[in-house]
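**Q** Can you read through this structure? Questions will come right after.
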Amino acid sequence: MASNLDTLVTVFGGSGFLGRSVVRALAKRDYRIRVAVRRPELAGHLQPLGKVGQIHAVQANLRYPASVEAAMRDSHVAINLVGILAEGGAQTFDAVQARGAGAIAAAANAVGARMVHVSAIGADDNSPSGYARAKAAGEKAVLSAVPSATILRPSVVFGPEDQFTNRFAGLATISPILPLIGGGVTRLQPVYVGDVATAVADAVDGKTKPGAVYELGGPEVLTMREVIEIILATIERRRMLVSLPFGLAKLQALFLQFAPGPLKLTPDQVALLRSDNVVSDAAKAAGLTLEGLGITPDSLEAIAPQYLWRFRRTGQFAHKSV
């Protein structure tokens, strides 16, 4: 029987937030891992996640198909984790999440490799969000080139160094007021990065259905208000929660899209918050979920204290809503 050491997995975007967890999960299962990134010299932090020689970084830029083809040479499985939350210069949603995904799929097809593509819940051709439309286009491009590919759509992913919980915790350290866009009623199903990584590794193991679209969510459906309340309780800070209508939020985002750090907010992110981001009933019925893969998801309340503690301060805390 072939060993996983005989299987070369190329991970595009393997040095990022989700990528680190995916590389760790694959390394524990003894796969040989090639990490394809734009700056391989900055991917040295991945080496300790595996055995000597198990993880190797190579250069690849999704906007240049030749580099993608070179990164896929002799590979058995391709994993695409590349995504951006905000556009900048040549890094547009379409270039990265649509055409880029298609380039990886074409390269995988050329060498007969299987493919696992991480998209997002909310991927929709008709979404008001360019991010969501590009995610939908990426899924179509992948399945067109590799019909047997596994598509994984996580909800909002949380964990150490995420751009979600850390962002609000950071904002709470510098502002006495936290905005609730659209009143904070948008429903989310935050999913732990480690659980998403396990699902990716299971797909590489062949435990997923070919050509299927899985929706990955945590154990709880929470409103944005409830998410922020959990973060504030975790970091023990008192902040006022103020409802911000979508129209006003979009207007502010026209300026805040150029802001640094946790203050950054783009009009596209505001558009995304107009729709709930939860696992569909259809996915649950078909068993195309974490639970369907035999994975028991971890909750935000259980995991967040393990990494948000650095934002914490001693003393009493509370928050007010208006």
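**Q** Non-local amide H neighbours of ASN61 (under 5 Å, H modeled in plane, Pro and chain starts lacking H): which ones?
**A** Long-range HN contacts for ASN61: SER67, VAL68.
**Q** Next question, about the same structure. Express the carbon and sulfur contribution to the solvent-accessible surface of region 195-296 as a percent, rounded to the nearest whole number, probe 1.4 angstrom.
**A** Working: 2710 of 4640 Å².
Roughly 58 percent of what the probe reaches on region 195-296 is carbon or sulfur.
**Q** Using Cα pairs closer than 8 Å and at least 6 residues apart in sequence, work out the relative contact order for region 195-322, in percent. Walk me through the intermediate numbers first.
**A** Details: 125 pairs, mean separation 58.8, N = 128.
Reported relative contact order: 46 percent.
**Q** For the chain, what does the relative contact order come out to in percent, with C-alpha contacts under 8 Å and a separation of six or more?
**A** Working: 671 pairs, mean separation 52.8, N = 322.
With pairs under 8 Å counted, the relative contact order is 16 percent.
**Q** May I ask you to give the solvent-accessible area per residue for the chain, in square angstrom, as obtained with a 1.4 angstrom probe? Present the calculation step by step, with values, prior to reporting the outcome.
**A** Details: 14440 Å² over 322 residues.
Result: 45 Å² per residue.
**Q** Applying 1/(1 + (r/R0)^6) with R0 = 41 Å to the Cβ-Cβ distance of ARG187 and GLU161, what FRET efficiency is obtained, to the nearest 0.05? Write out the running numbers ahead of the final one.
**A** Working: r = 25 Å, r/R0 = 0.60.
According to the calculation, E is roughly 0.95.
**Q** Give me the net charge of ALA43's neighbourhood, meaning all other residues with Cβ under 14 Å from the Cβ of ALA43; Lys, Arg count +1, Asp, Glu -1. If you can, show how the numbers build up before the last one.
**A** Values: positive: ARG20, ARG24, ARG34, ARG38, ARG39; negative: GLU41.
Charge balance near ALA43 sits at +4.
**Q** If I fit a long axis through the Cα atoms of helix 130-145 and take the longest principal axis of the Cα atoms of the chain, what angle between them do I get, 0 to 90°, rounded to 10?
**A** 20 degrees
**Q** Something else now. Please list 251-260, 3-12 highest first by mean number of surrounding beta-carbon atoms within 10 Å per residue.
**A** On the way: 251-260: 13.1, 3-12: 19.5.
The most tightly packed comes first, giving 3-12, 251-260.
**Q** Which value in deg cm²/dmol, rounded to the nearest 500, describes the helix-derived mean residue ellipticity at 222 nm for the chain, given -39,500 (n - 2.57) per DSSP H run of n ≥ 4 and division by the residue count? Intermediate values should be presented prior to the final figure.
**A** Values: 12 runs with 112 residues, N = 322.
The helix contribution divided over the chain gives -10000 deg cm²/dmol.
**Q** Further question: Return the distance in nm (one decimal) between the two label points of a simple spin-label model at LYS140 and LYS284, each offset 7 Å from Cα along Cα→Cβ.
**A** It is 2.9 nm.
**Q** If I take every Cα pair under 8 Å that is 6 or more residues apart in region 60-161, average their sequence separation and divide by the length, what percent do I get for the relative contact order?
**A** Working: 174 pairs, mean separation 28.6, N = 102.
Averaging sequence separation for qualifying contacts and normalising by length gives 28 percent for region 60-161.
**Q** Amide H of ILE181 versus every other amide H placed in the peptide plane: which residues, excluding those fewer than 5 positions away on the same chain, fall under 5 Å?
**A** The list, which skips near neighbours in sequence, is LEU244.
**Q** Helix 100-110 against the longest principal axis of the chain: what's the angle in degrees, Cα atoms only, rounded to the nearest 10?
**A** On a 0 to 90 degree scale, this one is about 20.
**Q** Shifting gears a bit: All other residues with a Cβ under 9 Å from the Cβ of ALA123 taken together, and with Lys, Arg as +1 and Asp, Glu as -1, what is their net charge? Present the calculation step by step, with values, prior to reporting the outcome.
**A** On the way: positive: ARG133, LYS135, ARG153; negative: ASP124, ASP125, GLU139.
So the surrounding residues net to 0.
**Q** Quickly rank 288-295, 55-62, 305-312 as a protection proxy: mean count of other C-beta atoms within 10 Å, highest first. Can you show the working numbers first?
**A** Values: 288-295: 18.5, 55-62: 20.1, 305-312: 14.9.
Ranking the peptides 288-295, 55-62, 305-312 by packing returns 55-62, 288-295, 305-312.
**Q** Spelling out what I want: for every residue of region 254-270, take phi, set θ = phi - 60°, compute 6.51 cos²θ - 1.76 cosθ + 1.60 (Karplus), and round to whole Hz; glycine and proline get x.
**A** 4, 9, 6, 5, 9, 7, x, x, x, 7, 5, 8, 9, x, 5, 5, 5
**Q** Give me the net charge for the shell around ALA71: Cβ to Cβ below 15 angstrom, other residues only, Lys and Arg +1, Asp and Glu -1. Don't skip to the answer; put the middle values down first.
**A** Details: positive: ARG32, ARG34, ARG38, ARG39, ARG63, ARG73; negative: GLU69, ASP74.
Here the count lands on +4.
**Q** Could the peptides 264-273, 100-109 be put in order, highest first, of the mean number of other beta-carbon atoms found within 10 Å of their residues? Mind showing how you got there, number by number?
**A** Numbers: 264-273: 20.1, 100-109: 25.6.
So the peptides 264-273, 100-109, ranked by packing, come out 100-109, 264-273.
**Q** Considering only DSSP beta bridges with both partners in region 46-169, what is the antiparallel share in %, to the nearest 5? Present the calculation step by step, with values, prior to reporting the outcome.
**A** On the way: 1 of 8 bridges.
Close to 10 percent.
**Q** Starting from the amide H of TYR214, placed 1.01 Å from N in the peptide plane, find each other amide H under 5 Å away whose residue is 5 or more places distant or on another chain.
**A** Sorted by chain and number, the residues that satisfy this are ILE151, LEU152, ARG153.
**Q** So for the chain: antiparallel DSSP bridges make up what percent, rounded to the nearest 5? Display every interim value, and only then the final one.
**A** On the way: 3 of 38 bridges.
Percent antiparallel among DSSP bridges in the chain is about 10.
**Q** Can I ask one more? Relative to the longest principal Cα axis of the chain, at what angle does helix 193-205 sit, 0 to 90 degrees, rounded to 10?
**A** That works out to roughly 20 degrees.
**Q** Please report the antiparallel percentage of the DSSP beta bridges confined to region 91-247, to the nearest 5. Walk me through the intermediate numbers first.
**A** On the way: 2 of 16 bridges.
Roughly 10 percent of the beta bridges in region 91-247 run antiparallel, per DSSP.
**Q** Report, to the nearest whole %, how much of the accessible area of region 139-185 belongs to carbon and sulfur atoms, 1.4 Å probe, protein only. Kindly include the intermediate steps, with their values, before the conclusion.
**A** On the way: 1070 of 1740 Å².
Whole-percent figure for carbon plus sulfur exposure: 62.
**Q** A further question follows. Test of understanding: extend the Cα→C-beta vector of SER275 to 7 Å, then name every residue of region 155-176 with backbone N under 20 Å from that spot.
**A** Zone members listed by number: 155-158.
The values are calculated or read from the model by the stated rules, or taken from the named source; none is laboratory data. All values derive from a computational prediction rather than experimental measurement. All Cβ positions, glycine included, derive from the backbone under ideal geometry; neighbour counts span all protein chains shown. Areas reflect the complete protein model, heavy atoms only, side chains present, ligands, DNA and RNA absent. Shrake-Rupley method; radii C 1.70, N 1.55, O 1.52, S 1.80 Å.
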